[in-house]
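Heads up: the structure comes next, in structure tokens.
The values are calculated or read from the model by the stated rules, or taken from the named source; none is laboratory data. Quantities reported herein were computed from a predicted structural model and do not represent experimental measurements. Here the Cβ positions follow ideal geometry from the backbone for every residue, glycine too, while neighbour counts run over all protein chains shown. For accessibility, only protein heavy atoms count, side chains too; no ligands or nucleic acids. Shrake-Rupley method; radii C 1.70, N 1.55, O 1.52, S 1.80 Å.
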Amino acid sequence: MKYLLILFTPLFLLAKVHYAKVEPYEHITLKAAVSAQVTKSKTSLEGKNINNDTIIELDSKLDKVDLSSSQESLKLIKNMITTNQTILSALKESLNRQEGYYSRISNIASASKTQKDNAFYGYINAKTQYFSTKEKLDSLKKQHLDMLYKIELLKDQISKKTIKLNNKFLYKLMVNQGDFVNPGTALAQIKDLSRAKLVLFLEAEELKDIKSKTIYINDKATEYKISKVWSVADEKFISSYRTEIIIDDAKNNFSKLLKVEFK
């Protein structure tokens with residue numbers, strides 16, 4: 001009798017090795033929000049990590065003059081509102097008295113027509129003065145609101161003319177001193193180096209239970225997890241899906257290639 005010996009060889013699914021470049025967490029292009037001339041462009045800061053420093057200044061001289069003038073105008077409007085409120089209060093008292101007098105004399109049969117007419121005209125005149133002053137007061141209150149809005153608008157405009165960076169890497173300045181910019185003009189390219197990301201392109205099979213797997217970087221197990229997976233296949237890497245891993249502490253690893261495995 002012949003025996004057929006069948007050998008079963010166990011199959012081990014080996015993790016696919018990927019290599020990803022450490023990239024900045026964000027690439028940002030700063031654009032002008034207002035129209036102005038560039039008065040300062042610190043090209044010497046290019047290629048450096050900037051902490052609370054100004055990289056670009058746009059001309060705001062006239063805005064600051066306008067702001068100062070508007071703030072003084074606001075004080076005058078406030079004073080005029082206070083004065084007219086006092087006048088209105090006095091006119092209200094006068095109106096009440098004139099109305100009372102006219103009401104009383106109208107019911108007195110012995111009062112002459114001239115007395116009644118004078119009382120009526122006095123009442124109408126007091127009423128006209130009261131409502132005229134009230135209308136003026138309402139107009140001043142409207143001016144007050146408009147001036148407050150203008151001041152806030154100027155403050156916002158001035159603030160947008162000073163471009164500061166805080167804990168950001170200045171990659172490139174795209175304007176020079178003397179240039180004139182309009183809203184939407186690119187001013188600078190910056191990068192956020194506070195964190196980093198690894199970008200991988202994984203096949204559909206690799207994505208199965210990917211979030212439950214341990215991520216190994218340079219053969220060392222990490223606590224990192226997949227932060228984002230694109231649901232549509234990449235246009236360049238056909239049948240692969242863009243996947244990102246956020247790294248909290250990149251330090252000097254930017255642009256280095258790291259070995260990445262999912263096990």
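Based on this model, can you work out whether Lys191 counts as touching a Phe, Trp or Tyr at 6+ places or on another chain (Cβ under 9 Å), touching a residue at least 24 places away in the same chain (Cβ under 8 Å), among the charged types (D, E, K, R) and closer than 18 Å to Val22 by Cβ? Write out each step before concluding.
Numbers: touching a Phe, Trp or Tyr at 6+ places or on another chain (Cβ under 9 Å): yes; touching a residue at least 24 places away in the same chain (Cβ under 8 Å): yes; among the charged types (D, E, K, R): yes; closer than 18 Å to Val22 by Cβ: yes.
In short, yes.
Evaluate the following for Gln143: is it among the polar types (S, T, N, Q), assigned to a helix (DSSP H, G or I), in contact (Cβ under 8 Å) with a residue 60 or more places away in the chain and in contact with a helix residue (DSSP H, G or I) (Cβ under 6 Å, 6 or more places away or on another chain)? Show your work before the answer.
Numbers: among the polar types (S, T, N, Q): yes; assigned to a helix (DSSP H, G or I): yes; in contact (Cβ under 8 Å) with a residue 60 or more places away in the chain: yes; in contact with a helix residue (DSSP H, G or I) (Cβ under 6 Å, 6 or more places away or on another chain): yes.
When the stated conditions are applied, Gln143 passes them.
Looking at region 198-249, which of the residues that are charged (D, E, K, R), outside any loop (DSSP other than H, G, I, E, B) and farther than 17 Å from Val17 by Cβ is most open to solvent (accessible area, probe 1.4 Å)?
Taking region 198-249 as the starting set, the residues that turn out to be charged (D, E, K, R) are 203, 205-206, 208-209, 211, 213, 219-220, 223, 225, 228, 234-236, 242, 244, 248-249.
Filter again for outside any loop (DSSP other than H, G, I, E, B), leaving 203, 205-206, 211, 220, 228, 242, 244.
Those still in the list that are farther than 17 Å from Val17 by Cβ too: 211, 228, 242, 244.
Numbers: Lys211: 130, Lys228: 103, Arg242: 62, Glu244: 16 Å².
Filtering first and then ranking leaves Lys211.
Look at Phe120 and say whether it is at pLDDT below 95, open to solvent by less than 90 Å² (accessible area, probe 1.4 Å) and outside any helix (DSSP H, G or I). Lay out the reasoning, then the answer.
Working: at pLDDT below 95: yes; open to solvent by less than 90 Å² (accessible area, probe 1.4 Å): yes; outside any helix (DSSP H, G or I): no.
So Phe120 does not fit the description; no.
Would you call His27 touching a residue at least 60 places away in the same chain (Cβ under 8 Å), surrounded by fewer than 16 Cβ atoms within 10 Å (Cβ to Cβ) and either touching a strand residue (DSSP E or B) at 6+ places or on another chain (Cβ under 8 Å) or over 22 Å from Asn176 (Cβ atoms) (or both)? Give the steps one after another, and end with the answer.
Values: touching a residue at least 60 places away in the same chain (Cβ under 8 Å): yes; surrounded by fewer than 16 Cβ atoms within 10 Å (Cβ to Cβ): yes; either touching a strand residue (DSSP E or B) at 6+ places or on another chain (Cβ under 8 Å) or over 22 Å from Asn176 (Cβ atoms) (or both): yes.
So His27 passes the test.
Given the conditions (1) in a strand (DSSP E or B); (2) loosely packed, with under 14 Cβ neighbours inside 10 Å; (3) not β-branched (Val, Ile, Thr), and given that Leu187 satisfies all but one, which numbered condition is not satisfied?
Of everything listed in (1) in a strand (DSSP E or B); (2) loosely packed, with under 14 Cβ neighbours inside 10 Å; (3) not β-branched (Val, Ile, Thr), Leu187 misses just condition (2).
Determine which single condition Glu152 fails, assuming it passes every other condition in (1) in a helix (DSSP H, G or I); (2) in contact (Cβ under 8 Å) with a residue 40 or more places away in the chain; (3) open to solvent by 50 Å² or more (accessible area, probe 1.4 Å).
Among (1) in a helix (DSSP H, G or I); (2) in contact (Cβ under 8 Å) with a residue 40 or more places away in the chain; (3) open to solvent by 50 Å² or more (accessible area, probe 1.4 Å), the lone unmet condition for Glu152 is (2).
Considering only region 158-169, I want to know if a residue exists there that is open to solvent by 80 Å² or more (accessible area, probe 1.4 Å), modelled with pLDDT of 90 or more and not in a strand (DSSP E or B).
yes
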